[in-house]
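Novice: Let me begin by handing over the structure; questions about it come next.
The values are calculated or read from the model by the stated rules, or taken from the named source; none is laboratory data. Remember, it's a predicted structure, so these values are computed and weren't measured experimentally. With ideal geometry, Cβ positions are generated from the backbone for all residues, glycine too; neighbour counts draw on all protein chains shown. Accessible surface areas use protein heavy atoms only, side chains included; no ligands, DNA or RNA. Shrake-Rupley method; radii C 1.70, N 1.55, O 1.52, S 1.80 Å.
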Amino acid sequence: MNWDDTRIFLALSREGSLRGAARVLGVDQATVGRRIAAMEKDLGSVLFLRSSEGYLLTAAGETALAMARRMESAALELQSKLEGQDDALSGAVRITSTDSITVDFLLPALGALRRLHPGITVDIEVSTQMLSLPRRQSDIAIRNVKPDNPDLVVRRIARWPVGLFASRDYLARHGVPDPGAEFSGHDIVAYKPYTESGKMFSLVDEPAREGNIVALMNSSLMLRRAVAAGIGLGEMPLHMGEAEGLIRVWPQRARKRDYDVWLVMHPDLRGTARVRTVADFLAAAIRDGTTGTGD
């Protein structure tokens with residue numbers, strides 16, 4: 001297996017379909033199918049079973065997968081080591097972050113970054129998924145969840161207090177919820193991953209057992225806009241609620257657990273000038289853009 005074939009094999013094993021693999025690789029489905037068929041012919045083994053559920057690895061495919069992952073790891077390590085010696089302030093930097101952080105902080109900062117370093121281009125992926133830095137799906141990740149991979153470079157760049165917000169229209173129709181009533185008689189806009197965590201759902205540490213969850217969002221930006229539209233009460237960092245022109249409910253109360261923002265990098269890229277420069281620039285933009293503190 002050469003490296004080009006290995007990339008196609010890995011993409012198909014991960015995506016489970018020709019369409020998914022083609023999308024990841026940036027080629028057409030026919031190319032993926034043709035290359036896989038050629039690999040199987042060259043190796044004299046069937047690597048995938050074609051089923052109604054997609055492409056499933058055979059026993060030979062499982063063996064090939066273990067070897068392919070080692071090839072991928074070696075190739076990515078070589079790439080990272082070489083890029084770590086790159087002192088040029090030019091080239092592309094791949095960034096992944098949430099929609100709210102991207103809209104509120106990253107996009108406003110990019111104009112200043114462009115003026116200072118016109119040779120640097122950025123590729124931003126807005127996603128709720130944690131893209132893989134070890135597999136080089138991204139160079140920099142800015143997230144509100146701290147990764148548990150000890151091999152990554154992680155630093156907290158902001159800590160934001162979280163409060164409860166509603167639109168003026170919603171409060172005119174429903175009034176302010178009574179503390180201790182667990183949101184009885186009130187509508188709630190909830191962040192979907194929190195409701196699926198298995199823990200009791202709450203807003204600013206008030207149980208929401210009596211509240212009516214009327215909308216679920218997997219996007220913090222959409223949650224903010226839903227609350228601004230008067231759909232229900234919602235929890236968010238204070239500066240985000242204020243930016244939407246919302247009314248803070250129970251201003252004396254904040255969630256015990258703050259909203260932390262983490263900047264994550266692969267250790268080999270700390271020595272890459274363009275990646276380090278972009279990481280430091282964006283971290284400063286986030287720190288300076290709110291009253292939160294970083295460390």
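Novice: Just to check your reading of the model, which residue among VAL204, VAL189 is farther than 30 Å from MET265 by Cβ, open to solvent by less than 70 Å² (accessible area, probe 1.4 Å) and touching a helix residue (DSSP H, G or I) at 6+ places or on another chain (Cβ under 9 Å)?
Specialist: Working: VAL204 fails: touching a helix residue (DSSP H, G or I) at 6+ places or on another chain (Cβ under 9 Å).
Result: VAL189 is the single residue among VAL204, VAL189 that is farther than 30 Å from MET265 by Cβ, open to solvent by less than 70 Å² (accessible area, probe 1.4 Å) and touching a helix residue (DSSP H, G or I) at 6+ places or on another chain (Cβ under 9 Å).
Novice: So, one more: Criterion first (of a type in the set (Gly, Ala, Ser), in contact with a Pro (Cβ under 6 Å, 6 or more places away or on another chain) and surrounded by fewer than 22 Cβ atoms within 10 Å (Cβ to Cβ)) does ALA215 satisfy it?
Specialist: no
Novice: Now, a different point. Report those strands (runs of 3 or more DSSP E) wholly inside the range 1-118 carrying at least 2 residues which are crowded, with 19+ Cβ neighbours inside 10 Å. Steps first, please.
Specialist: Numbers: elements: 48-51, 54-57, 91-97.
Of the strands (runs of 3 or more DSSP E) lying wholly inside the range 1-118, those with at least 2 residues that are crowded, with 19+ Cβ neighbours inside 10 Å span 91-97.
Novice: Within the set of pairs 6+ apart or on separate chains, which have a first residue in the range 223-246 that is assigned to a helix (DSSP H, G or I), a second that is of a type in the set (Phe, Trp, Tyr) and open to solvent by 40 Å² or more (accessible area, probe 1.4 Å), and C-beta atoms under 9 Å apart?
Specialist: These pairs meet every condition: LEU223/TYR191.
Novice: Of all residues in the range 142-167 being β-branched (Val, Ile, Thr) and modelled with pLDDT under 90, which is farthest from GLU206 (Cα to Cα)?
Specialist: VAL153
Novice: Restricting to the range 148-160, give me the number of residues that are open to solvent by 50 Å² or more (accessible area, probe 1.4 Å) and under 22 Å from GLY245 (Cα atoms).
Specialist: 1
Novice: Further question: In the range 215-231, what residues are in contact with a helix residue (DSSP H, G or I) (Cβ under 7 Å, 6 or more places away or on another chain) and not aliphatic (A, V, I, L, M)?
Specialist: Result: ASN218, SER219, SER220, ARG224, GLY230.
Novice: Just one of the numbered conditions (1) open to solvent by less than 30 Å² (accessible area, probe 1.4 Å); (2) modelled with pLDDT of 90 or more is not true of SER138; which one?
Specialist: (2)
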